[in-house]
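Q: Would you mind keeping the following structure in view while I ask a few things?
Just so you know, all these numbers are worked out from the coordinates, no wet-lab data involved. Predicted, not measured: the structure shown is a model, and the values here were computed from it. Using ideal geometry, Cβ is built from the backbone for each residue, glycine included, and neighbour counts are taken over all protein chains shown.
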Amino acid sequence: MVFWLLCGVALLLIITPAVAVVVSVLVKAAPALRWSLLTNTTGDTANPGLQNAILGTLVLCLGVLVVAGSIGVLGGIYLAEFATGRLGSVLRSASEILAGVPSIVIGLVAYTALVVGLGWGFSILSAILALSLLVLPYVVKTTEVSFSQVPRSLREAAIALGLSRLTTIRKVLLPPALPGIISGLVIAIAISTGETAPLLYTANFSQADPTGALFHDPIGYLTYVTYTYVTLPGAQDQALASAAAAFTILLVLILIFGGRAITARQSKIMARLDV
C-alpha cells in the first residue's frame with residue numbers, strides 16, 4: 001500500500017505541472033484565439049496571426065523527418081547489424097557525444113558552416129540540417145535498440161531459409177522493430193518543434209509565408225513568436241506569444257498521439273502474424 005501510494009504521489013508530481021502549464025498557456029492565449037490566427041501572418045499589423053509561423057514549423061518538421069529520419073534509421077540499422085568491434089564503439093560514442101552537445105552550439109556551428117561558410121544565408125535548408133543534426137542521435141539510438149530487441153530466433157530462421165542479409169533486415173527484422181523506430185522519429189520531431197536557439201542562427205525569421213526556396217530565404221516558426229513577442233509590452237503581442245505556445249503544444253500532442261496510434265496498429269499487425 002505504501003509503495004502504490006508513493007507511485008500515485010509521483011504520478012501527481014508529473015501530471016500536475018504539465019496540466020498547469022497547458023492551462024496557463026490556454027488562459028493567456030484565449031484573447032488571441034480567433035480564426036484570423038490561421039489566415040493572417042505576423043506581418044499583418046492590424047490583426048496579426050500565425051499562418052506563416054505554423055506553415056514554417058510544419059515545413060521544418062517535414063524536413064527533419066526526411067533528413068534525420070532517413071540518415072538516423074540507416075545509421076541505427078548499421079550500428080545494430082553491421083558495426084562490430086572498435087568501429088562500432090567509436091560510432092556509438094560519437095552519437096552519444098553529439099546527443100550531449102547544446103542546441104545553441106549546433107546552431108552556431110551551422111551558422112558558421114552553412115549560413116556564412118557555404119553562403120546559403122538564413123534559409124530553410126540550413127535550419128533543417130541544424131535541427132536534423134540535433135535530433136539525429138535519438139533516431140539512431142532508438143533504431144539500434146529496436147533492432148537489438150528483435151528475437152534472435154528470427155535471425156536464425158532467416159539464415160536457415162537462405163535469405164540474404166539485406167532481405168533479412170527488410171523483410172524479417174524491420175517489421176517488428178518498426179514501432180520503436182516510429183517512437184524515436186516522433187520524439188525527434190517533437191524535440192525539433194520546440195527548439196529555438198538553432199533556428200535563430202540558421203532560419204532567422206520571416207513574417208511572410210514560406211516560398212519553398214531552400215537558400216537565402218528566412219522562414220517563420222512558432223517558437224520564435226513565443227520567444228520574441230512575450231517580451232513586448234502590448235497585451236495583443238503577449239496574447240499572440242501564448243497562442244503560438246498553444247499551437248506548439250497542440251502540434252506536439254498530435255505527433256505523440258499519432259505516433260502512438262501508428263505504433264499500436266503495427267503492434268497489432270505483428271501480434272496477428274505471431275498467432
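Q: Where Lys and Arg each count +1 and Asp and Glu each count -1, what net charge lies around G162 among other residues with Cβ under 14 Å from its Cβ?
A: My count for the surroundings of G162 gives +2.
Q: Whole number please: convex hull volume per residue of the Cα set in the chain, in Å³?
A: Cα-based convex hull of the chain, divided per residue, equals 186 Å³.
Q: Oh, and also: Count the net charge of all other residues whose Cβ sits under 13 Å from the Cβ of P179, scoring Lys and Arg as +1 and Asp and Glu as -1.
A: That sum, taken over residues with Cβ under 13 Å, equals +3.
Q: Ok, one more. So which helices of the chain fit the span-like rule, where a helix is a whole DSSP H run, its Cα atoms reach 24 Å or more along the axis, and its mean Kyte-Doolittle is at least 0.0?
A: 2-29, 51-81, 124-148, 174-193, 235-274
Q: Here is a further query. Rank V252, V145, V21 by mean-square fluctuation in a GNM of the chain with C-alpha springs under 10 angstrom and give only the top-ranked residue.
A: V21
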